[in-house]
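Undergrad: Questions regarding the structure given below will be posed in turn.
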Amino acid sequence: MGEIWIPEAERLGDGVIAGAGAMDTPNLPPRVVWHTTEGSSGSSAAFHGTADYLMSENYEPHILYDPRTDQLGQFGPLNQSAKALVNAGTVRTNRTGRVCIQIEVMAKAGTPFTSYWKPGKNFAALLRAIRSWGVPDEWPAGRLAQSYSDDSPRPLTIWQTRGGHYGHSNVPGNDHWDPGAIDRAALLAAGTVTPTPEGFTMDAAAEAWFGQLNAMLWGLKNDLAAQQATVASLVKLVAADHDLDVAAVGAAVKKAVTDALAAGTVDVDVTVHDKTTTTPKVS
Ligand SMILES: [Zn+2]
């Protein structure tokens, strides 16, 4: 089961989208549709004004997002339909798929928002919630419309068989060209930023340990067995020093070193937790 309400999102309205409800075809793959509001942005007043307008027109998406401020709001549960699409004949596009998560970005199709936006932790939360439903990082209909007069692909067969991300300009039966020529790769990459754990400062002992590890691995860069032995002994030392779980430290270090070797470097970046909490102790 995916995330139905995004914890980071402000609730907009009463939590019920009028006229929305269960998906028609929950056995079909999950998808997302990106829209732009074509109005102003950049302030809380604009955010709530836009939300009120969408509700008064009964044209609600699930999500409202301001790309200038990273403000995120949610109108209704992600596992039900929203109201920002028109049907494609008998196919109720709002209700196609396991989920059909609709996002109104406060921007104009004529000025792609990925050219100036500042995605932050709320955008990362949005992509996390999207992926929690199994939506693949793909654009199955292909390219987005580049202008009002651009006939972008809107293949009904793809819509009914493929999950992933669609622009409103890719949805069959619809004629809008939003969200414009946004950078599709940048959009999906923005969610991969991991926020720094709050309130953590590395103590001197940890700092010294990581320095020692880095230096030793660098010295042994061509000798995998020596690296493994070094890491194993260091893991035991640091676990004892900090009252940590040896297996957990070992797994974290092993992954970091494996990644580092694959990348051809010996930069090591690990996060470990103590035995009783999930608060990172060393990062
Ligand atoms: Zn739209």
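Undergrad: For region 51-81, what are the residues that are aliphatic (A, V, I, L, M) and in contact with a helix residue (DSSP H, G or I) (Cβ under 8 Å, 6 or more places away or on another chain)?
TA: Let us first name the residues in region 51-81 that are aliphatic (A, V, I, L, M), namely 51, 54-55, 63-64, 72, 78.
Matches in region 51-81: Ile63, Leu64, Leu72, Leu78.
Undergrad: Name every residue in region 31-60 that is within 16 Å of the ligand (Cβ to nearest atom), closer than 19 Å to Gly15 by Cα and touching a Ser or Thr at 6+ places or on another chain (Cβ under 9 Å), in order of residue number.
TA: Thr50, Tyr53, Leu54
Undergrad: Hey, any hits in region 149-172 for a residue that's under 23 Å from Leu54 (Cα atoms), hydrophobic (A, V, I, L, M, F, W, C) and in the same structural domain as Ala51 (by TED's automatic domain parsing)?
TA: The answer is yes; a qualifying residue exists.
Undergrad: If you go through region 138-193, how many residues are surrounded by fewer than 16 Cβ atoms within 10 Å (Cβ to Cβ) and closer than 22 Å to Asn122 by Cα?
TA: 7
Undergrad: Of everything in region 7-37, what is among the charged types (D, E, K, R) and surrounded by fewer than 22 Cβ atoms within 10 Å (Cβ to Cβ)? Give them in sequence order.
TA: Our first condition is that a residue be among the charged types (D, E, K, R); within region 7-37, this holds for 8, 10-11, 14, 24, 31.
Of everything in region 7-37, those that are among the charged types (D, E, K, R) and surrounded by fewer than 22 Cβ atoms within 10 Å (Cβ to Cβ) turn out to be Glu8, Glu10, Arg11, Asp14, Asp24.
Undergrad: Can you name every one of the strands (runs of 3 or more DSSP E) wholly within region 1-88 that holds 1 or more residues which are more than 26 Å from Gly142 (Cβ to Cβ) and not polar (S, T, N, Q)?
TA: Qualifying strands (runs of 3 or more DSSP E): 63-66, 71-74.
Let's see how each residue does on (1) surrounded by 16 or more Cβ atoms within 10 Å (Cβ to Cβ); (2) of a type in the set (Asp, Glu); (3) in the same structural domain as Gly180 (by TED's automatic domain parsing):
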| residue | (1), (2), (3) |
| --- | --- |
| Asp70 | yes, yes, yes |
| Asn79 | yes, no, yes |
| Ala82 | yes, no, yes |
| Asn87 | no, no, yes |
| Ala109 | yes, no, yes |
| Pro112 | yes, no, yes |
| Ser132 | yes, no, yes |
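Undergrad: Are there any pairs with C-beta distances below 6 angstrom linking a residue in region 44-61 that is in the same structural domain as Ile101 (by TED's automatic domain parsing) to a residue that is of a type in the set (A, V, I, L, M, F, W, C) and assigned to a helix (DSSP H, G or I), with the two at least 6 apart or on different chains, and if so which?
TA: Going by the 6 Å Cβ cut-off, the qualifying pairs are Glu60/Leu54.
Residues checked against (1) over 21 Å from the mean Cα position of the chain (by Cα); (2) of a type in the set (A, V, I, L, M); (3) modelled with pLDDT of 95 or more; (4) closer than 16 Å to Ala20 by Cβ:
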residue	(1), (2), (3), (4)
Ala46	yes, yes, yes, no
Thr50	yes, no, yes, no
Leu54	yes, yes, yes, yes
His62	no, no, yes, yes
Asp66	no, no, yes, no
Gln71	no, no, yes, no
Asn79	no, no, yes, yes
Lys83	yes, no, yes, yes
Asn87	yes, no, yes, yes
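Undergrad: Does Lys108 qualify as being basic (Lys, Arg), touching a Phe, Trp or Tyr at 6+ places or on another chain (Cβ under 8 Å) and within 14 Å of the ligand (Cβ to nearest atom)?
TA: The answer is no for Lys108.
The values are calculated or read from the model by the stated rules, or taken from the named source; none is laboratory data. If you're wondering where the values come from, they're calculated on a predicted model, not measured in any experiment. Please note: Cβ atoms are built from the backbone with ideal geometry, for glycine as well, and neighbour counts cover all protein chains shown.
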